[in-house]
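Scroll down for the structure; my scribbles are underneath it.
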Amino acid sequence: MGTLAEEILSARLGRAVAAGETVVVPVDVVMSHDTTTALVAEGLAELGRAVAHPERGVVVFDHITPAATVAAAAQQQRAREFVSHQGIPHLLTDGISHQVLPEHGLVAPGDVVVGADSHTVTLGAFGAFATGMGSTDVAVAYATGESWLRVPATLAIQLEGRFPSGVGAKDLILEVVRRVGSDGARYQAVEYVGPAAAALPIGDRMTLCNMAVEMGGKAGLFAADRLTTQWLEGRGSRPPRVARARAPEYLRVETFQLDRLEPMVAISPRVDAGRPVRELVGLPVDQVFIGTCTNGRLSDLAAAAVLLAGRRVAVRTVAVPASREVYLAALRAGYLETLVQAGVSVESPGCGPCLGRHKGVLGPGERAVTTMSRNFRGRMGDPSSEIYLASPETAAASALSGRLADPRGLV
Amino acid sequence: MARAWRFGDFVNTDQIIPGRYNVTTSSAELGRACFIEHRPEYAAQVRPGDLIVAGEDFGCGSSREHAVIAILASGVTAVLAPSFARIFYRNAINRGLAVLESPGAGAVQEGSEIELDVARGRVIDHTANREIVARPLPLFAQRIARHGGVLELVRVHGSLNGVCLPACGSAPDGPVPLSPGRMP
């Protein structure tokens, strides 16, 4: 009996555990990336241990790839040495970790996943208990095949109704974060429930789980179902260890009516400073960025392409597919051609300018509308620059005028 | 005596160490870049043993452990705040940075002289002449802190079982020493 988080952890441990217990749990997938692997390797070396289960390890190059600086290149050399020395079979260089792990079938429902990246929570979209940790915790997970954690209490997000036209999962999560607050789910699992949640496609589920960490959450979770199985089919993932909530006791339940939502934007520098776009229409924008683990999937690029087809962007606009698979699919569907013809810079898959290191860094005082998950001061460049978070539709609409725009008039 | 560096609510890891500066594992480099944009004078003026006193949800945002390394390398060995973000809190415990949850942290003024006894959870604000209550570390964190970090705990016990077994919830088995902090 328990929440989805309790059920997944109980199934993995072979005994019933409840919120508040500290447990040592076997880990099915351990992930680190180009910026965190070097520290992980140092932790393991300090421990004097090797990776216990190399086949469970995944190292992904996504943060600064291809390397933009000598320092980044050197870090990647160290990460490659680690992978080769430890015999880790998975070195992925074809996109953002949270996108390519499921694409390569490396995540299955019921898994416990530990990643040296805070947005590892994205993988909860597949019914896995996935959480972000620091490099030392990840080093321990590599060395022992286990991790310690406190079984989290759960905030349930009950979803009802259907999205109006021009409104989607990103608008919903910006509203959820606004209402819950940037620390309102600290140490908690965020479980999306209700008939409207079950109807959401995997991409939307990933967007919703991805931003659980922006409320302080330890995990974002959807129960695995037929859509999950279909998405993972043919990708060689392990058999699912399917768990569902049974008579769950949630810490609290917050209900959201999708019909009542409208396009949202989170104002720099707070993720929970969400406001309806219509209140800020006309705000000048210097750059638009569509991509990231939050919104760099095919459906996101498609939404942008629909709005930009046959038009020209008025400000510099960068689009970064989340993975090579997404890139190729968008290429074949004609979306990339549409974007390029509209004047968009389409960059190679990865985290792109989300970390302010390459492919669209902001100058002093500049303002960006982006589909990212974080708008912290200076994240994309100069400390005086501003980041406004929005949906791909709002970002594309804003690119057309160079001002924050409500996409509903354009769809 | 530690001197307090005051920070506000929701200090995130991008502010502690911007992403552009964490392409290294050198603690010296990370220490020099600590708060480099958020508070540019910090790295040059902070003294060994100083204390960070912050508001709610300190360390929110990315999982970068570079943030904890940067703070330790800057000479600060403890952070006092009403609440901490989850991953930062783990990273701090794992590396031996003392993180003390204290609802009264907000009353501490910039530059105050603070006496800190991590083991007893005692914090004395000598400038304001009052004691501030800090919550003792949770048991699992105490077990890790007693080893000076999680790596040493794993080395001693051979596994993570030392965090939790025989059973979490039992009484702590000794005082927690001030941990020296672990540097790469």
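The values are calculated or read from the model by the stated rules, or taken from the named source; none is laboratory data. Everything numeric here is computed off the predicted structure, so don't read it as measured data. Please note: Cβ atoms are built from the backbone with ideal geometry, for glycine as well, and neighbour counts cover all protein chains shown.
Cβ-Cβ contacts under 7 Å between residues 6 or more apart (or on different chains), taken from a first residue in region A:206-217 that is touching a residue at least 24 places away in the same chain (Cβ under 8 Å) to a second residue that is among the basic types (Lys, Arg) and surrounded by fewer than 24 Cβ atoms within 10 Å (Cβ to Cβ), are listed as A:Gly216/A:Arg186. Listed by position, the helices (runs of 4 or more DSSP H) contained in region A:302-411 that have at least 3 residues being over 18 Å from the mean Cα position of the chain (by Cα) and crowded, with 23+ Cβ neighbours inside 10 Å are A:392-401. The residue list B:Gly96, B:Gly59, B:Gly55 contains one member that is within 30 Å of B:Thr24 (Cα to Cα) and surrounded by fewer than 20 Cβ atoms within 10 Å (Cβ to Cβ), which is B:Gly55. Note on region B:8-25: residues that are surrounded by fewer than 24 Cβ atoms within 10 Å (Cβ to Cβ) and more than 7 Å from every other protein chain (Cβ to nearest Cβ) amount to 3.
Okay, residues lined up against (1) in contact with a strand residue (DSSP E or B) (Cβ under 7 Å, 6 or more places away or on another chain); (2) within 13 Å of chain A (Cβ to nearest Cβ); (3) basic (Lys, Arg):
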site: B:Cys60; (1), (2), (3): yes, yes, no
site: B:Glu65; (1), (2), (3): no, yes, no
site: B:Val76; (1), (2), (3): yes, no, no
site: B:Tyr89; (1), (2), (3): yes, yes, no
site: B:Ser102; (1), (2), (3): yes, no, no
site: B:Glu115; (1), (2), (3): yes, no, no
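Which of the residues spanning region B:105-120 are within 17 Å of the chain's Cα centre (by Cα), at pLDDT 90 or above and not acidic (Asp, Glu)? Result: B:Ala105, B:Gly106, B:Val108, B:Ile114. Screening A:Ala399 against (1) touching a strand residue (DSSP E or B) at 6+ places or on another chain (Cβ under 6 Å); (2) within 14 Å of another protein chain (Cβ to nearest Cβ) leaves a single unmet condition, (2). Of all residue pairs spaced 6 or more apart or on separate chains, those with beta-carbon atoms under 7 Å, a first member in region B:64-80 that is more than 12 Å from A:Thr136 (Cβ to Cβ) and a second member that is charged (D, E, K, R) are B:Leu72/B:Arg95; B:Gly75/B:Arg47; B:Gly75/B:Asp50; B:Val76/B:Asp50. Among residues of region A:5-48 being within 10 Å of chain B (Cβ to nearest Cβ) and part of a loop (DSSP other than H, G, I, E, B), the one that is farthest from the chain's Cα centre (by Cα) is A:Gly48. Selection over region B:124-152 of residues that are surrounded by 16 or more Cβ atoms within 10 Å (Cβ to Cβ), touching a helix residue (DSSP H, G or I) at 6+ places or on another chain (Cβ under 7 Å) and under 17 Å from B:Val99 (Cβ atoms) gives a count of 10.
Taken as a whole, the structure leaves A:Asp204 outside the set of residues that are surrounded by fewer than 24 Cβ atoms within 10 Å (Cβ to Cβ) and farther than 22 Å from A:Arg260 by Cα. Here the strands (runs of 3 or more DSSP E) wholly within region A:249-296 that include at least 2 residues being in contact (Cβ under 8 Å) with a residue 24 or more places away in the chain and more than 27 Å from B:Gly8 (Cβ to Cβ) are A:252-257, A:287-291.
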